[in-house]
Amino acid sequence: MFKKVLISAVVILVCAVGASAFYIYSKLNKINTEALDEEKLIVNEDLAEDLGDGFTTFAIFGLDSREGELEKGVRSDSIIVANLNNGTKEVQLVSVYRDTLLDMTDGDLHKANSAYSFGGAEQAVNMLNMNLDLNITDYVTVDFTAVAEVIDLLGGVEIDVKEEEVEFLNEFLGETASVAGKEAVEVVGAGLQKLDGVQATTYARIRSTAGGDFTRAERQRTVIEKMVEKAKTADFSTLNKIIDKALPAIKTSFSSTEIINYARYYAEYELTDSEGFPMEKNADRVDGVGSVVIPVTLETNVQQLHQMLYGTLSYTVSAQVADISMAIEEMVGEQEVQSNDQIYNQYYEDTEEDRQQEKGTSGSSSSGSGGKKGSGSGGSTQNNNKNSSNNNSNNNNNSNNNNNTETPSVPDNNGPATEEPDNPGGEAPIETPNESGAEGDPSGTISGGQTGP
């Protein structure tokens with residue numbers, strides 16, 4: 001979710017620094033523009049034609065490639081549905097938890113973040129459209145490597161760091177600093193303080209405290225809000241430097257003209273709602289897939305999503321969403337909704353299967369198929385008998401798819417630099433405090449299986 005801050009800043013900053021169309025276009029030429037093939041976009045057959053009228057809904061994918069790649073082969077560390085009310089200029093952000101169990105567009109149920117790796121932005125957009133009954137035609141992809149630089153150019157951001165976050169923030173500072181090419185400076189204690197780029201980037205990616213990925217999403221939203229606040233008051237020179245740093249790390253289907261049209265109203269945009277999807281959920285493990293976030297049920301969550309985004313009361317999901325919802329239940333069995341208190345107070349560790357998923361050495365192939373269904377250790381034992389009916393449901397999905405192919409000023413931290421941690425990995429999910437991350441990667445896997453701080 002954290003990478004959406006860059007495109008949010010770009011929409012604001014491009015307009016703010018550009019006194020002439022020529023100047024703006026010269027800046028926007030730094031962006032890698034690649035439109036989606038409309039003939040290959042999936043829109044569920046019985047979706048209402050007027051869905052989203054008066055709104056602009058698009059996808060934001062944040063990649064943790066470490067090498068700057070923005071193509072397929074890299075899993076999306078963040079998946080955001082951004083919704084702009086064209087009339088009121090209100091903006092809503094919905095982060096799809098990266099390990100949400102969804103259809104990869106071919107009948108294979110897998111983690112949502114796999115879609116970008118399998119088929120790039122096209123398959124990731126289609127995954128959102130098919131599973132959430134959306135009609136998204138545009139996307140923005142951002143690599144995280146520029147985030148630390150942008151925050152430093154803004155002069156840092158003020159964050160109220162909790163005591164339990166300090167340990168994991170400092171543990172992974174070295175890894176973030178190494179990737180960003182910057183110095184790692186320890187946070188000396190909890191409390192309200194100004195974080196530099198490396199510190200804030202690491203803070204926004206912590207997963208080892210209670211709540212795992214769910215509380216990480218909250219941290220990301222906090223950092224985003226602080227960055228946008230600082231960007232709106234930054235001077236011309238600062239904004240110009242930020243654009244030069246941010247734009248090369250962005251790939252989008254929006255044209256330069258479209259970006260300029262949106263940017264003209266940057267001062268009027270207001271972030272009103274942010275939410276995680278699914279809203280009603282559970283966390284478990286599935287054999288061959290790993291630790292997943294389970295929508296309970298997908299149908300119910302899609303109804304809630306449409307009410308939030310478009311104000312649609314009593315939304316009726318498409319036949320495709322109903323089929324996928326049934327397939328998920330057949331795979332994992334009937335699930336109970338976990339309360340926020342349960343989710344936010346539970347500790348998670350990664351498994352070997354989750355780490356292999358992150359490396360791309362396990363699970364679905366590049367075509368998006370091959371995920372083995374069933375219950376893994378820690379999963380419900382009744383799930384092992386669900387495979388046959390699930391495959392039949394997935395085949396039905398395949399048939400359908402083929403047809404659609406706050407605060408006072410505070411001092412900076414000035415502690416000593418940290419070393420890059422060894423980061424030994426965890427084992428099975430447990431409900432005791434997570435003492436260490438894994439593989440030096442603070443981005444993690446999900447709640448229920450992270451590989452980071």
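Quick note: the coordinates plus some simple rules give every number you see, no bench work behind them. Predicted model, so just to flag it, every value in this text is computed and none were measured. No Cβ is skipped: glycine too gets one built from the backbone with ideal geometry, and neighbour counts run over all protein chains shown.
Worth a mention:
- The label point for ASP341 and the one for GLU49, both projected 7 Å from the Cα toward the Cβ, are 5.0 nm apart.
- Region 173-290 - Debye-derived log10 I(q)/I(0), Cα point model, q = 0.16, 0.17 Å⁻¹: -1.11, -1.21
- Relative contact order for region 168-223: 31 percent, from Cα pairs under 8 Å spaced at least 6 residues apart, divided by residue count.
- Between the beta carbons of LYS232 and GLU34, assuming R0 = 30 Å, the FRET efficiency works out to 0.55 to the nearest 0.05.
- With θ taken as phi - 60° and the Karplus curve 6.51 cos²θ - 1.76 cosθ + 1.60 applied, the whole-hertz 3J(HN,Hα) list for region 188-204 is 7, x, 7, x, 5, 7, 8, 9, 7, x, 5, 5, 5, 5, 5, 4, 6 Hz, x standing for glycine and proline.
- Projected area averaged over orientations for region 81-146, convex hull of C-alpha atoms, nm²: 5.3
- Restraint check, LYS230/LYS251; LYS89/LYS226; LYS194/LYS226; LYS194/LYS251; LYS89/LYS232; LYS162/LYS182, Cα-Cα greater than 21 Å: LYS230/LYS251; LYS194/LYS251; LYS162/LYS182
- Hull-based mean projected area of region 49-181, where the convex hull spans the alpha carbons, in square nanometres: 10.4
- Per-peptide average of other Cβ atoms within 10 Å, ordering 122-128, 257-263 highest first: 122-128, 257-263
- Hydrodynamic radius of region 204-259 by the Kirkwood approach over all distinct alpha-carbon pairs: 13.7 Å.
- Where Rh is the Kirkwood radius over Cα pairs, Rg/Rh for region 142-187: 0.97
- Where Rh is the Kirkwood radius over Cα pairs, Rg/Rh for region 225-310: 1.12
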